[in-house]
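Read-outs throughout are calculated quantities, based only on the coordinates presented, and are distinct from any laboratory measurement. What you see is a predicted model; the values in this text were computed from it and never measured. With ideal geometry, Cβ positions are generated from the backbone for all residues, glycine too; neighbour counts draw on all protein chains shown.
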Amino acid sequence: MSSQQPQFSENDQRELAQFLEAENAKARIQQTVHTLTDSCWDKCISKVNNKLDRSEEACLSNCVERFLDTSLFIVKRLEDLRGSGM
Amino acid sequence: MSDYSSSFGAPELSNKKQEVMEQVRGELAMANAQELINKINEKCYLKCVPKPGPRLESGEQQCLSKCMDRYMEAWNVVSRSYVNRIQRESQNQQMM
């Protein structure tokens, strides 16, 4: 090995690989939260008040859940369509 | 190959690993903060400055302050709902 840089041991490499995968998963979740907050804010918050009231919080929570239901629905329908020989 | 770097007095190497991990955490945190700031800017400008004048009026500034707080609260509500749902879905999958 002619490189001047320190080489990580196999254990360290493994640990770093796992670490990076975990951090990437977290980052993907956060990106989805950004996207969901963006569209759910538009749907749920009409006026800026001094705090989020219960109906706004419920709307935001429903917004997230229905988005995920939609996602599952679409996948299932695609499977059904494929099953019926499409 | 055993873990030479940590156990045999090459502290520079295990420090380097920590350094790399800290750097990654830091960069991801910054990217997340930047995204949040951009969203707040966009949404709160829309809500609070509907008719841009020659300066930001105090009413507009108050609205912007409140809007920032509301948006961050909304982000937390969405985050909690999303993470809870993911956990529930993964539990359902495991039970199948």
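What to note about this one:
- For B:82, B:45, order by how many other beta-carbon atoms lie within 10 Å, fewest first: B:45, B:82
- Cα-Cα P(r), the protein assembly as shown, percent of pairs per 5 Å interval: 1, 7, 11, 12, 12, 11, 10, 9, 8, 7, 6, 3, 1, 0
- Here the residues A:67, A:73, A:19, ranked from fewest to most Cβ neighbours within 10 Å of their Cβ, fall in the order A:73, A:19, A:67.
- Footprinting exposure proxy for A:32, A:70, A:37 (fewest neighbouring C-beta atoms within 10 Å first): A:70, A:32, A:37
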